[in-house]
Amino acid sequence: MQIDSLSLINYKNIESSDLNFSSKINCLIGDNGMGKTNILDAIYYLSFCKSHSNSIDSQNIRHDADFFMIKGNYLRNGEEEVISCGLKRRQKKVFRRNNKEYEKLSEHIGLIPLVLISPEDNYLITEGSEERRKFIDGVISQFNQRYLHQLLQYNNALKQRNSLLKLNDGQENDELMDLWEEQMDNHGRYIYEERQRFIHDFMPVFSNFYANIAGKSEHISLEYTSQYHEHESLKNRMVQTRERDKILGYSTQGIHKDDLEMMLDGFPIKRVGSQGQNKTFLIALKFAQFDFLKKNHQLRPLLLLDDIFDKLDTSRVEKIVQLVSSDLFGQIFITDTNREHLEGLISEIGKESKIFRITNGTVE
């Protein structure tokens, strides 16, 4: 999987830019706020139909402009693919594959597999369970369209049940509640089983990457927690808590309450991990995601590394460089503020490369 070229108009702080990439290493250099991360975000957008850093589409339009346009030319399994997205203010975005508009954006997810590692990943450790569920769902959805469909159906049923809880006006609503609870149980069971299977297969790969970077003296684990572990019908649990849920105004039972506990030496890494250990944990997590997607898609995802070497000691940086220079990875994009630092990394990796300098949204 590779992207040969990228065209941007009015995307974030980039007024207009046409970039032709190396099939191996692409380095984007610039001071903070100049726009190098915005280029990575545009590539991310073409894979996931949304920005990584700003979920409100209209806010990704450059200030004082009326629209943005992103277009990427790809090579996928030897076939050319042209993916584009345009958005005008106060209008629906238009996403196209080879000039044909998608009816549903969910149809595109998984076509262009991609893994992004950025400083923002720290929220997986520091924030609540919703962020960790999004990580699991994001990985599985890139190779399992049925999972994505079941997840969308579950979330719709959850939304409908929560609306009824807030109305709270009698027997008629309870009958509708039964219907939505049955759907949540059916979809939830499938989602739970797929999440459980994913973590079981994912954990050894993740552990191996962490050991390669940090050594074997630190022991990490991922522990999936779910109400389904108790082997009871979710429908029964929702019926039992229905009156309490009406008082609270939301659903307290379901797979939307699942979590992924991240552990270091038997303790939550959120509590005991240093900055370097946290960053190593997250990089190993994303490398494992890359490997998992590679095996399921039978092609190498794009790998975007946004300012990942900060807060890591020399030994861990060297191990990461050794990994990304191996045959495991394909096309790579790296951002940094220091040209000399990046040139040193390129020299160590020893692969074909291009360097782009970004200044105030202008690319050289």
Exercise. Using only the Cα atoms of segment 129-296, each taken as one equal point scatterer with no solvent, compute I(q) by the Debye sum, divide by I(0), and report log10 of the ratio at q = 0.09, 0.18 Å⁻¹.
Key: -0.38, -1.06
Quiz item: Tally Lys/Arg at +1 and Asp/Glu at -1 over every other residue whose Cβ is under 14 Å from the Cβ of TYR210; what's the total?
Solution: +2
Quiz prompt | Set LYS270/LYS295; LYS159/LYS279; LYS295/LYS351; LYS12/LYS257; LYS159/LYS295; LYS71/LYS319 screened for pairs whose C-alpha atoms are more than 25 Å apart | solution = LYS270/LYS295; LYS159/LYS279; LYS12/LYS257; LYS159/LYS295; LYS71/LYS319
Self-check item: Loop-resident sites, segment 229-315, for chymotrypsin sites (Phe, Trp or Tyr not before Pro), counting at most 15 other Cβ within 10 Å (DSSP)
Solution: TYR250
Exercise. Let me have the relative contact order for the chain, percent, based on Cα pairs under 8 Å that are six or more residues apart.
Key: 27
Quiz prompt | Alpha carbon centroid spacing (whole Å) that separates segment 32-96 from segment 1-20 | solution = 9
Practice problem: Could you give the size of the charge dipole of the chain about its Cα centre, using +1 on the Cβ of each K and R and -1 on the Cβ of each D and E, expressed in debye and rounded to the nearest 20? | Solution: 480
Self-check item: Value of [θ]222 nm, deg cm²/dmol, for the chain, DSSP H segments ≥ 4, -39500 (n - 2.57) each, nearest 500
Solution: -14500 deg cm²/dmol
Practice problem: Go through LEU152, ASN208, THR225 and say which Cα lies farthest out towards the positive end of the charge dipole of the chain; charges sit on Cβ, +1 for Lys and Arg, -1 for Asp and Glu. | Solution: LEU152
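Values quoted throughout were computed directly from the atomic coordinates according to the rules given, and no laboratory measurement underlies them. Just so it is clear, the model here is predicted, and its values are computed rather than measured. Methodologically, a virtual Cβ is constructed for each residue, glycine included, from the backbone with ideal geometry; neighbour enumeration extends over all protein chains shown.
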